[in-house]
Every structure is written in C-alpha cells, then in structure tokens.
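Asks: One structure, pasted below without further comment.
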Amino acid sequence: MKIRSTEIKMSATKRHQYPAEGLPEIALVGRSNVGKSSCVNALLNRRNFARTSQTPGKTRTINFYLINNEFYFVDLPGYGYAKVAKSEKDKWGNIMETYLGDREELCAIFLLVDIRHEPTNDDVMMYEWIKHFGYECVVIATKADKISRGQYQKHMSIIRKKLQLEKDEKIIPISSSKKTGVEDVWNEIVSQYNK
Ligand code: GTP
Ligand code: MG
C-alpha cells in the first residue's frame with residue numbers, strides 16, 4: 001500500500017473522543033513493550049511517529065492514526081506490566097472494554113506477541129476477549145530479528161498452541177527494527193478492511 005498521508009488524530013480514553021467519520025479501524029493490542037508502537041512506525045516507514053520507549057507502559061491512551069484519509073490504525077495501551085498499580089490496571093480494563101465492547105468501525109484486531117516467548121496468560125485472555133467480542137484476530141510475532149529464521153516455525157507453533165489458534169488464523173513474524181515482514185502485515189491489513 002502506498003502511504004500518501006499519516007496524521008495523528010487523537011488520543012482518547014472515552015467514547016466521545018473517538019473519531020466520528022465512520023472510517024474502518026485496525027487495532028493493535030499486546031503486552032506492554034511487545035512492540036506495538038514500533039510496529040506502527042515500521043508499517044508507515046517512520047521513525048518516531050508513534051512514540052516508543054524502552055520503559056513499558058509508554059502508551060496509556062488509545063491513539064488513532066489516520067492513514068491516507070482512508071482508515072485508522074489504533075494503538076492501544078499495553079497490558080501485563082507488573083509495576084502498574086491496581087487502579088491503573090482497572091483504568092486499562094475500562095478503556096479496553098469501552099473500545100472493544102462496541103465499536104462498529106473496528107474490522108480486525110492484531111494481537112502482538114514476542115516471537116521468542118510462549119504467550120502469557122494475559123495474552124491468552126486477550127485472545128479470548130477478542131474472540132468473545134466477535135472480532136477477527138491476526139497474530140503478529142514481534143522482534144523476529146532476535147531469533148534465526150530457521151527457528152521461526154518452532155516458535156510459531158508454540159504460540160499457536162498456547163493461544164489455541166484456529167487453523168485459518170495467521171501468525172505473521174515481523175521485525176520492526178530490520179523491517180522484515182512489513183509487507184505481509186500490509187497485505188493482511190488490506191484484506192481485512194476490504195472484507
Ligand atoms: P507500550 O506502549 O508500553 O505498550 O509498548 P509498545 O508495545 O508500544 O512497545 P514499543 O514499540 O514502545 O517497543 C518497546 C521496545 O522494544 C523498544 O525498546 C523497541 O525499540 C523494542 N522493539 C520493538 N520492536 C522491535 C523489533 O522488531 N526488534 C527489536 N530488536 N526490538 C524491538
Ligand atoms: Mg506503545
């Protein structure tokens with residue numbers, strides 16, 4: 001896909017702050033620090049469009065990025081960050097439930113997991129939540145540059161097994177730093193919002 005324009009539209013926590021034009025949305029979810037914001041940057045070929053950080057918990061609001069005046073990437077706050085206080089976790093739950101619970105514009109959710117590790121119980125819960133709300137789930141295995149290509153299959157089957165993915169559900173390995181897998185993710189985005 002050719003990127004003609006990108007625009008940071010809004011940072012929202014409440015429903016009335018969401019975009020109102022009815023354009024399709026693709027959301028990225030996953031553990032804190034898994035590489036969601038980096039993935040947005042790699043897809044857009046930008047360096048620090050979505051703010052990234054080595055400190056987990058960087059993204060605390062729902063960020064809507066308008067692409068080509070055509071659709072939105074939605075960067076959601078990460079979960080599973082141990083040092084976060086319970087009040088913050090409750091806030092996270094409310095933000096997520098408000099958005100995922102009822103969002104007609106949302107076409108698909110990309111669940112990001114680290115290719116190196118077995119998904120956590122939080123990841124499993126997130127996957128089940130996505131299915132519960134009736135969305136398509138595409139898994140993106142991040143930081144693929146940290147293992148050799150020969151190990152991809154082994155790691156991907158561990159992920160598939162732990163999340164109990166259905167046969168037709170995909171896992172796409174990506175490295176945002178080496179820019180590999182970006183094209184595969186784009187193809188999936190286009191096919192999802194043309195459905
Ligand atoms: P939160 O906003 O806290 O939920 O985190 P996030 O999921 O948006 O993660 P972010 O994109 O900020 O990346 C976290 C860290 O992982 C940063 O230090 C990135 O440089 C690093 N990182 C992200 N993607 C990759 C990748 O593909 N390869 C490598 N080696 N590092 C990556
Ligand atoms: Mg982030």
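Asks: Taking Cys137, is it of a type in the set (A, V, I, L, M, F, W, C), under 26 Å from Gln192 (Cβ atoms) and either open to solvent by 10 Å² or more (accessible area, probe 1.4 Å) or within 14 Å of ligand 1 (Cβ to nearest atom) (or both)?
Replies: In short, no.
Asks: If you don't mind, another one. Within segment 92-124, which residues are open to solvent by less than 40 Å² (accessible area, probe 1.4 Å), within 22 Å of Ala141 (Cα to Cα), assigned to a helix (DSSP H, G or I) and of a type outside the set (Asp, Glu)?
Replies: Answer for segment 92-124, where residues must be open to solvent by less than 40 Å² (accessible area, probe 1.4 Å), within 22 Å of Ala141 (Cα to Cα), assigned to a helix (DSSP H, G or I) and of a type outside the set (Asp, Glu): Met96, Leu100, Val124.
Asks: In segment 1-45, which residues are open to solvent by 50 Å² or more (accessible area, probe 1.4 Å), within 14 Å of ligand 2 (Cβ to nearest atom) and part of a loop (DSSP other than H, G, I, E, B)?
Replies: Asn33
Asks: For Glu97, indicate whether it is away from ligand 2 (no atom under 16 Å from the Cβ) and at pLDDT 90 or above.
Replies: no
Asks: Among (1) at pLDDT below 90; (2) more than 16 Å from ligand 2 (Cβ to nearest atom); (3) open to solvent by 40 Å² or more (accessible area, probe 1.4 Å), there is one condition Lys131 misses while meeting the rest; what is its number?
Replies: Every listed condition holds for Lys131 apart from (1).
Asks: Within segment 59-83, work out how many residues are surrounded by 17 or more Cβ atoms within 10 Å (Cβ to Cβ) and either within 12 Å of ligand 2 (Cβ to nearest atom) or not small (Gly, Ala, Ser) (or both).
Replies: Of the residues in segment 59-83, 17 are surrounded by 17 or more Cβ atoms within 10 Å (Cβ to Cβ) and either within 12 Å of ligand 2 (Cβ to nearest atom) or not small (Gly, Ala, Ser) (or both).
The values are calculated or read from the model by the stated rules, or taken from the named source; none is laboratory data. Given the structure is predicted, the values throughout are model-derived calculations rather than measurements. As a convention, Cβ positions derive from the backbone with ideal geometry for all residues, glycine included, and neighbour counts pool all protein chains shown. Ligands, DNA and RNA are stripped out before the accessible areas are found, and what is left, the full protein with its side chains, is counted by its heavy atoms. Shrake-Rupley method; radii C 1.70, N 1.55, O 1.52, S 1.80 Å.
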